[in-house]
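A.B. asks: Please find one structure pasted underneath; my questions will follow.
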Amino acid sequence: MADSSKTEQATPQHRKKARERGQLTRSRELSAALSMSAVAGVVCLMGRVALPHWTRFFRTTLELAGQNSIEPNGPLLFWSSVEAMRWVMPILFAALAMSLVASLAQGGFVFAPESLSFKAERFSPANRLQQMFSLAALSSILKSLLPFAAIAWVGIASICGHWGEILGSSYVDARHFTSLLGQILLELIWKSGLILFAWAGVDYLLLWLKNEGDLKMSRQDIRDELKQSEGNPESKARIRRIQRQMRRKQMIKAAETATVVITNPTHYAVALRYEADMAAPMVVAKGRDYLAARIKEVARLHDIPVMENRPLAQALYKGVEVGDPISADLYHAVAEILVLIYKAQTELRNREAQRRASATQKPQVRPQ
């Protein structure tokens, strides 16, 4: 009985493991039907020249047998064996080749060492008898009897159809009877071939449905396979969380080297760094909400200018990754901010210099 919990289709990994175990959809009926069709085709091709050839061969053999004695190692038996093999080998080769092609077409070449491993239960007579007298064995026998019954019915129908000609064959010569017999056999062969092919298709479909049912998995099986192949989801989530924390710490540290921080002003914060030898300003840190607040706090602690520009902050956050220079369409807006910052820093330095200069030039009052 099928497991009701196995409702999910098999994953590629599960199918791969099943293939390594040799669990494939392969119909012996299809291989047998194709092999028989190949044999029938080769026999038909060879039958065109078989009758005159074998007639000459047997006539020559009888003449040599009358002239020489037949010895076990003599040339007569040797050449007779060679001639028989010359006609038998193409039939055997066609059957073998078609059987191999059918097997490869139904799943390719599979080497499953697990199926060849030693198992003591395979040598148990009790298990063997249980398999022989089981429902599976009975169903296999009944399944084999169905095409046999159909072929038997076709044979009886063919004989009944030619019954009048068979009764009248006693009044004709041997050649006419041979032709009639060949016609009946040919009709029986191609009708039987159609039956075998139709049954092979049904058998393959049933085996495929059974194999797909056996390969189905439960949700727990899929989760277990995911844990084995990709790791525990909880552990992966923990690793990703640690990685995010490390990236945030690195960005907070990199924000200390920023030239300016552009804000939304509350949701976004992007830290830019620019030096004279740079081709374009570079984003060293960016964040939203909590991370944006941390970046602005770092900017206040290290006296980094914070400028509010909502469109520019959103464009930088969405369009530029950390560690990349800004795009060309943002050059003008960023340049304006940098110019303002440099002007403000220059004025601040000038005021500081003037204050220091005025402090050094103040006259000193001498005591009386």
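The values are calculated or read from the model by the stated rules, or taken from the named source; none is laboratory data. The structure displayed is predicted, hence computed values, not measured ones. Neighbour counts run over all protein chains shown; Cβ positions are idealised from the backbone, glycine included.
A.B. asks: Yes or no: residue 299 closer than 18 Å to residue 248 by Cβ, out of contact with any helix residue (DSSP H, G or I) (no Cβ under 8 Å at 6 or more places or on another chain) and buried (at least 20 other Cβ atoms within 10 Å of the Cβ)?
C.D. replies: Details: closer than 18 Å to residue 248 by Cβ: yes; out of contact with any helix residue (DSSP H, G or I) (no Cβ under 8 Å at 6 or more places or on another chain): no; buried (at least 20 other Cβ atoms within 10 Å of the Cβ): yes.
The answer is no for residue 299.
A.B. asks: What are the residues in region 274-296 that are over 14 Å from residue 314 (Cβ atoms) and either touching a residue at least 60 places away in the same chain (Cβ under 8 Å) or in contact with a helix residue (DSSP H, G or I) (Cβ under 8 Å, 6 or more places away or on another chain) (or both), if any?
C.D. replies: 274, 280, 281, 284, 285, 291, 294, 295
A.B. asks: Considering each of 310, 244 in turn, give the residue that is surrounded by 12 or more Cβ atoms within 10 Å (Cβ to Cβ) and not hydrophobic (A, V, I, L, M, F, W, C). Lay out the reasoning, then the answer.
C.D. replies: Numbers: 244 fails: surrounded by 12 or more Cβ atoms within 10 Å (Cβ to Cβ).
Answer to the check: 310.
A.B. asks: Only residues in region 87-113 that are within 19 Å of residue 39 (Cβ to Cβ) and among the β-branched types (Val, Ile, Thr) count as the first member; pair them with residues that are surrounded by 13 or more Cβ atoms within 10 Å (Cβ to Cβ) and modelled with pLDDT under 85, Cβ under 7 angstrom, at least 6 apart or cross-chain, and list the lot.
C.D. replies: 91/39; 91/42; 91/43
A.B. asks: Take residues that are acidic (Asp, Glu), closer than 20 Å to residue 24 by Cα and within 30 Å of the chain's Cα centre (by Cα) and tell me which of the helices (runs of 4 or more DSSP H) falling wholly in region 152-236 contain 2 or more. Quick ask: steps written out before the conclusion?
C.D. replies: Values: elements: 163-168, 174-215, 219-230.
Once the helices (runs of 4 or more DSSP H) in region 152-236 are filtered for at least 2 residues that are acidic (Asp, Glu), closer than 20 Å to residue 24 by Cα and within 30 Å of the chain's Cα centre (by Cα), what remains is 174-215.
A.B. asks: Something else now. With (1) farther than 29 Å from residue 18 by Cβ; (2) surrounded by 12 or more Cβ atoms within 10 Å (Cβ to Cβ) as the list, and residue 207 as the residue in question, which single condition is left unmet?
C.D. replies: It is condition (1) that residue 207 fails.
A.B. asks: If you take just the helices (runs of 4 or more DSSP H) that sit entirely in region 276-368, which of them hold at least 1 residues that are touching a Gly at 6+ places or on another chain (Cβ under 7 Å)?
C.D. replies: Values: elements: 290-301, 310-319, 331-360.
Where helices (runs of 4 or more DSSP H) fall fully within region 276-368 and carry at least 1 residues being touching a Gly at 6+ places or on another chain (Cβ under 7 Å), they are 290-301.
A.B. asks: If you take the residues in region 247-258 that are surrounded by 21 or more Cβ atoms within 10 Å (Cβ to Cβ) and within 19 Å of residue 334 (Cα to Cα), which one is modelled with the highest pLDDT? Give the derivation first.
C.D. replies: Of region 247-258, the ones surrounded by 21 or more Cβ atoms within 10 Å (Cβ to Cβ) are 251, 255, 258.
When the remaining residues are screened for being within 19 Å of residue 334 (Cα to Cα), the result is 255, 258.
Working: 255: 80, 258: 83.
In this case the residue turns out to be 258.
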